[in-house]
1. Please find, within region 147-188, the residue that is modelled with the lowest pLDDT out of those that are aromatic (Phe, Trp, Tyr) and touching a helix residue (DSSP H, G or I) at 6+ places or on another chain (Cβ under 8 Å).
2. What number of residues in region 272-291 are assigned to a helix (DSSP H, G or I), modelled with pLDDT under 85 and not basic (Lys, Arg)?
3. Determine if region 101-121 includes at least one residue that is out of contact with any Gly (no Cβ under 7 Å at 6 or more places or on another chain), closer than 13 Å to LEU213 by Cα and loosely packed, with under 14 Cβ neighbours inside 10 Å.
4. Identify all residues within region 315-325 that are at pLDDT 85 or above and crowded, with 19+ Cβ neighbours inside 10 Å; write none if there are none.
5. Out of the residues in region 231-248 that are surrounded by fewer than 17 Cβ atoms within 10 Å (Cβ to Cβ) and among the basic types (Lys, Arg), which is modelled with the lowest pLDDT?
6. Testing THR97 on (1) assigned to a helix (DSSP H, G or I); (2) under 28 Å from VAL132 (Cα atoms), one condition comes back false. Which one is that?
7. Might you let me know whether region 255-271 holds any residue that is under 30 Å from LYS106 (Cβ atoms), crowded, with 20+ Cβ neighbours inside 10 Å and modelled with pLDDT of 85 or more?
8. As an exercise: evaluate ALA284 against (1) over 26 Å from the mean Cα position of the chain (by Cα); (2) free of Cβ contacts under 8 Å to residues at least 12 places away in the same chain and give the number of the one condition it does not meet.
Amino acid sequence: MPFRAATATPRRAMTPAAFVRGVVAAYARYGQDPAEALAKGQVLPDLVKSMEGRVTAAQFEALAGHAMRELDDEALGWFSRRLPFGTYGMLCRASITAPNLEVALKRWCRHHRLLTEDVLFELSASEDTATVSIREQRDLGALREFCLVTLLRYVLGFSCWAVDSAIALRAAEFPYPEPEHVSVYPTIFCKTVRFRADHASITFDKHYLSLPLTRSPADLDTMLKGALRLTVLPYRPYRRDRLLVERVRRVLREARGRILGAEDIASELALSTRTMHRRLREEATSLRNLKEEAKLELAKQALMRGRTPIKRIAEIAGFRNEKSFSRAFRSWTGASPREFRSRYR
């Protein structure tokens with residue numbers, strides 16, 4: 001799945017054995033032998049039983065893909081009815097013609113109810129964030145974690161692919177206690193992960209919803225040939241985050257005059273400093289330009305809002321003194337701070 005850990009590789013064993021046991025449980029539900037699927041994934045019996053065991057993305061892709069075909073159930077026994085192989089491809093087709101990600105996700109949530117009512121997807125938005133959540137309508141039993149994690153990875157993987165952009169999560173929440181393999185969650189989701197929540201959910205910047213879908217039905221045909229890869233790879237194949245500039249602006253706005261270095265901002269965005277600078281160059285800007293822009297916007301808002309002393313506004317905007325602030329402000333706007341304020345009285 002296209003998630004946060006850009007440094008992981010397909011050869012690194014990241015998928016916990018607990019999810020392998022989830023596949024084996026699907027075979028038990030249908031009274032079939034998982035031996036062939038385990039062989040396809042080169043998974044040894046001892047690993048299946050291991051509490052600390054891991055398999056690679058390629059192993060799990062081979063294992064789960066074979067199981068979905070052999071059992072003819074893409075839900076792998078999670079729900080009260082089978083979802084025949086190709087079901088989620090149909091869901092992708094119903095969403096791919098949407099004009100933007102918001103409409104696509106609304107379609108995903110609505111049409112998933114046609115597949116099953118055992119879980120319900122919901123999309124909600126606040127002033128700054130959007131959240132995709134899952135409401136459980138029946139007891140998912142021992143497969144609960146495997147089901148909820150995979151469903152969120154499905155919708156996030158499709159979303160990243162559809163807009164051709166990494167989607168940086170702000171938070172991921174799950175309704176069950178912290179599992180023993182909790183260390184894999186920051187890799188496949190984000191660094192802010194909470195357990196014992198009301199619902200399973202992922203939260204991201206609301207501006208992603210307005211991104212247009214860049215893929216065609218022909219692109220979808222190609223993607224579906226290796227669709228499972230988008231849900232099991234623990235690294236994201238999208239070098240570009242089409243909202244990175246906006247995310248940097250948000251961090252700078254929320255700083256409220258605190259001086260943030262490149263390392264501070266990169267850490268907040270879960271990126272290396274080098275990667276952040278490179279991606280900003282790809283977007284034809286720089287951290288220095290964005291900092292200057294943030295200072296100007298902060299200063300203009302403070303000047304228009306009220307009678308805060310200009311010396312204090314200079315401090316809030318991150319300047320050492322009023323003189324350097326006034327000089328910079330005039331270079332930005334062609335007016336001094338006092339002249340600018342007088343226009344809005």
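1. TRP161
2. Total satisfying the criteria: 1.
3. Step one: list which residues in region 101-121 are out of contact with any Gly (no Cβ under 7 Å at 6 or more places or on another chain), which gives 101-121.
This time we only want the ones that are closer than 13 Å to LEU213 by Cα, so: 101-105.
Still in the list and also loosely packed, with under 14 Cβ neighbours inside 10 Å: none.
Looking through region 101-121, none of the residues is out of contact with any Gly (no Cβ under 7 Å at 6 or more places or on another chain), closer than 13 Å to LEU213 by Cα and loosely packed, with under 14 Cβ neighbours inside 10 Å.
4. PHE325
5. By that ranking, first place goes to ARG239.
6. THR97 satisfies all of (1) assigned to a helix (DSSP H, G or I); (2) under 28 Å from VAL132 (Cα atoms) except (1).
7. No, the conditions are met nowhere in region 255-271.
8. All conditions pass for ALA284, except number (1).
The values are calculated or read from the model by the stated rules, or taken from the named source; none is laboratory data. Note that the structure is predicted; figures quoted are calculated from it, not measured. Counting neighbours? That spans all protein chains shown, and the Cβs are built from the backbone with ideal geometry, glycine included.
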